[in-house]
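First the structure, in the form of structure tokens, and then the observations on it.
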Amino acid sequence: MELTKNISQSKLIKSVLAIILGSVALTISAKIKIPFYPVPMTMQTFVVLFLGISLGYKIGLASIGLYLFEGILGLPVFSNSPEKGVGLVYFTGPTMGYLIGFLTAGYLASKINDRDNFLMVLVKLVIATSTIYILGLLWLGTLIGWDKPIIALGAQPFLLAEIFKIVLLALITKQILKIRNFI
């Protein structure tokens, strides 16, 4: 009985630590801007997908959820915060749909498994990333008006960087899954 209790406590501590570290990784990925064409690139979507693949849906979504909650509370975890605002005001701004899309993308990425070949991993990552943009564009259109060029503003400048991140992640997914299955 005592051994089972210790194992459960150890697993809980590992899970909480993974959730916190995942949130920290997302924060760091939001703050680092990498020169890229046509706009600078952050690694947020890469980390969102990575968390889903490496931690599974429960811990991965908890990490993403903690990150969003921290931002809503006013911690400057989001990209362009505090420069462009913090808290609920920033969260409900133009990027809210994309931020909510992090949850769907993390969940879908968690469904990648070691039986998937490279092409299937690539397809699943494209679908997962697409949910970020679909939700983002829906919110952006609702916020600024559908008469604006929503796709040109909210997706097109980022597509080349997304392709780069998806291919990079697809190339290392098998190694990530080996580590996840080992732990």
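The values are calculated or read from the model by the stated rules, or taken from the named source; none is laboratory data. It should be emphasised that the depicted structure is a prediction, and the values quoted were computed from it without experimental measurement. Glycine gets a Cβ as well: all are built from the backbone with ideal geometry, and neighbour counts include every protein chain shown.
Using the structure shown, decide if Leu153 is assigned to a helix (DSSP H, G or I), modelled with pLDDT under 95, of a type outside the set (Val, Ile, Thr) and over 15 Å from the mean Cα position of the chain (by Cα). It is true that Leu153 is assigned to a helix (DSSP H, G or I), modelled with pLDDT under 95, of a type outside the set (Val, Ile, Thr) and over 15 Å from the mean Cα position of the chain (by Cα). Kindly evaluate Leu12 against the criterion of being hydrophobic (A, V, I, L, M, F, W, C), loosely packed, with under 13 Cβ neighbours inside 10 Å and free of Cβ contacts under 8 Å to residues at least 60 places away in the same chain. Criteria met by Leu12.
Just so you know, in region 47-71 the residues that are among the aromatic types (Phe, Trp, Tyr) and in contact with a Ser or Thr (Cβ under 8 Å, 6 or more places away or on another chain) include one that is modelled with the lowest pLDDT, and it is Tyr57.
Could you identify the single residue in Ile172, Ile163 that is under 22 Å from Pro40 (Cβ atoms) and either surrounded by 13 or more Cβ atoms within 10 Å (Cβ to Cβ) or at pLDDT 95 or above (or both)? Checking each option against the conditions leaves just Ile163.
Scanning region 52-79 for residues that are of a type in the set (Phe, Trp, Tyr) and not in a loop (DSSP other than H, G, I, E, B), which turns out surrounded by the most Cβ atoms within 10 Å (Cβ to Cβ)?
Tyr67
The set of residues from region 29-51 being farther than 20 Å from Ser110 by Cα, hydrophobic (A, V, I, L, M, F, W, C) and either within 12 Å of the chain's Cα centre (by Cα) or part of a loop (DSSP other than H, G, I, E, B) (or both) comprises Ala30, Ile32, Phe36, Val39. The number of residues in region 75-86 that are of a type outside the set (A, V, I, L, M, F, W, C) and under 20 Å from Val48 (Cα atoms) comes to 4. If you go through region 20-42 and keep only what is at pLDDT below 95 and either touching a helix residue (DSSP H, G or I) at 6+ places or on another chain (Cβ under 6 Å) or polar (S, T, N, Q) (or both), you end up with Phe36, Pro38, Val39, Met41, Thr42. Of Pro82, Pro94, all but one fail to be closer than 20 Å to Leu68 by Cα, touching a residue at least 40 places away in the same chain (Cβ under 8 Å) and not in a helix (DSSP H, G or I); the exception is Pro94.
Consider region 109-119 and keep the residues that are surrounded by fewer than 20 Cβ atoms within 10 Å (Cβ to Cβ) and not basic (Lys, Arg). The one that is nearest to Leu171 (Cα to Cα) is Phe118.
With respect to the conditions (1) closer than 20 Å to Ala161 by Cβ; (2) in contact (Cβ under 8 Å) with a residue 60 or more places away in the chain; (3) crowded, with 16+ Cβ neighbours inside 10 Å, Ala25 falls short on a single one, namely (2). Selection over region 101-155 of residues that are small (Gly, Ala, Ser) and over 16 Å from Lys165 (Cα atoms) gives a count of 7. Checked against (1) crowded, with 21+ Cβ neighbours inside 10 Å; (2) modelled with pLDDT under 95; (3) farther than 19 Å from Ala30 by Cα, Tyr90 passes all but a single condition, namely (3).
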